[in-house]
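Report on the following structure.
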Amino acid sequence: MLKKIKDYYNWGGRFLNDPYHIKVGQIDKEEIAKTPLRSDIINYLINFLDRETTYLEIGVRNPAINYDEIKSDTKYSVDPGIEFKTNPVDFKLTSDVFFDDLRNGKVLSKELKFDVIFIDGLHLAEQVDRDIKNALEFIKEDGFIVLHDCNPPTEWHAREEHGYRISPAKNNWNGTTWKAFAKWRQKKDLFSCCIDTDWGVGIISKTQKIGSSSPLENEFYEFKVFKKNQNESMNLISFVDLKKVLKN
């Protein structure tokens, strides 16, 4: 028993005093301090369209974090309620089921097109890839698809397993969203960029010229390759730059 207690304190001290843990902790503080937030960017895009808008949010969790801050004429929310049990959303479904139901006219109208779709559901590349594909089917030609967690600062933030909290990133988790965004950045018929704030706010559009496709290849989606070419791979820009691009 005494050995277990001793090991607990020894290992705890090693984690807390490990230089890499300390460095990642500082990176976390810097990222959390960045502004604007995702809601500010979404509201700017809504205002930019200068018309009555319809907004869809995939992956709401606690609506006070983002959804309640969005100022659109019509808003819809989708979340299965796994992480936030009260789940006060319009459609208590997974995004896959919601889009299938929308496509088949079981919810809303299969003719409906959204002005802005925000994707912040399960942060795994396979799911995000499907969410982007489905969103492209239901976004207006000049609308915007916005994604959270596209720019993980370290490989610990980009881990696949959210529940592993002993990592240097602790509870902060961007998952593998970046892989799906990087994949769609390769599409020459789409425009995209990533705002360097709030863990990386990715934006995709069919017609708004916010950034050309990426020529970079990362065949196996290795994080070190991504990190080496992060700016080019994500088309990483500031919020100020986004405003300039949209005004041109």
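Every number in this text was worked out from the coordinates using simple rules, so none of it is lab data. Source: prediction; values computed, not measured. Neighbour counts run over all protein chains shown; Cβ positions are idealised from the backbone, glycine included.
Numbers at a glance
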| quantity | calculated |
| --- | --- |
| Helix-derived mean residue ellipticity, 222 nm - over the chain, DSSP H n ≥ 4, -39500 (n - 2.57), to 500 | -11000 deg cm²/dmol |
| Most positive-pole-ward Cα, Cys193, Thr177, Phe114, against dipole of the range 36-247 from beta carbon charges | Cys193 |
| Rel. contact order, % - alpha carbon contacts under 8 angstrom, at least six apart, the chain | 16 |
| Inter-part distance where the range 98-113 and the range 175-197 are each reduced to a Cα centre, Å | 25 |
| Candidates per trypsin sites (Lys or Arg not before Pro) in the range 169-241, loop by DSSP, up to 11 other Cβ within 10 Å | Lys188, Lys209 |
| Relative contact order [Cα under 8 Å, 6+ residues apart], the range 95-222, whole percent | 23 |
| Label-point separation in nm, Lys183 to Asp241, each point 7 Å along Cα→Cβ | 2.5 |
| Neighbour-limited loop hits for chymotrypsin sites (Phe, Trp or Tyr not before Pro), the range 92-158 (at most 13 other Cβ within 10 Å; DSSP other than H, G, I, E, B) | none |
| Low-density loop positions, GluC sites (Glu not before Pro), the range 72-134 - DSSP coil, at most 15 other Cβ in 10 Å | Glu83, Glu111 |
| Positive-pole candidate from Gly211, His123, Asn62, dipole of the range 36-247, charges at beta carbon | Gly211 |
| Label corresponding to semi-axes √(5λ) of the Cα gyration tensor in Å when calculated from the structure given, among (1) 33, 22, 17; (2) 30, 22, 16; (3) 42, 20, 18 | (1) |
| Contact order normalised by residue count of the range 8-115, Cα under 8 Å, 6+ apart, percent | 19 |
| Asn62 paired with Phe220, simple spin-label distance in nm, labels 7 Å along Cα-to-beta-carbon | 4.0 |
| Whichever lysines have a C-alpha closer than 24 Å to that of Lys110, once near sequence neighbours (fewer than 8 apart) are set aside | Lys71, Lys75, Lys92, Lys133, Lys140, Lys206 |
| Long pairs among Lys85/Lys227; Lys29/Lys179; Lys34/Lys179; Lys183/Lys243; Lys85/Lys224, criterion Cα-Cα beyond 32 Å | Lys85/Lys227; Lys85/Lys224 |
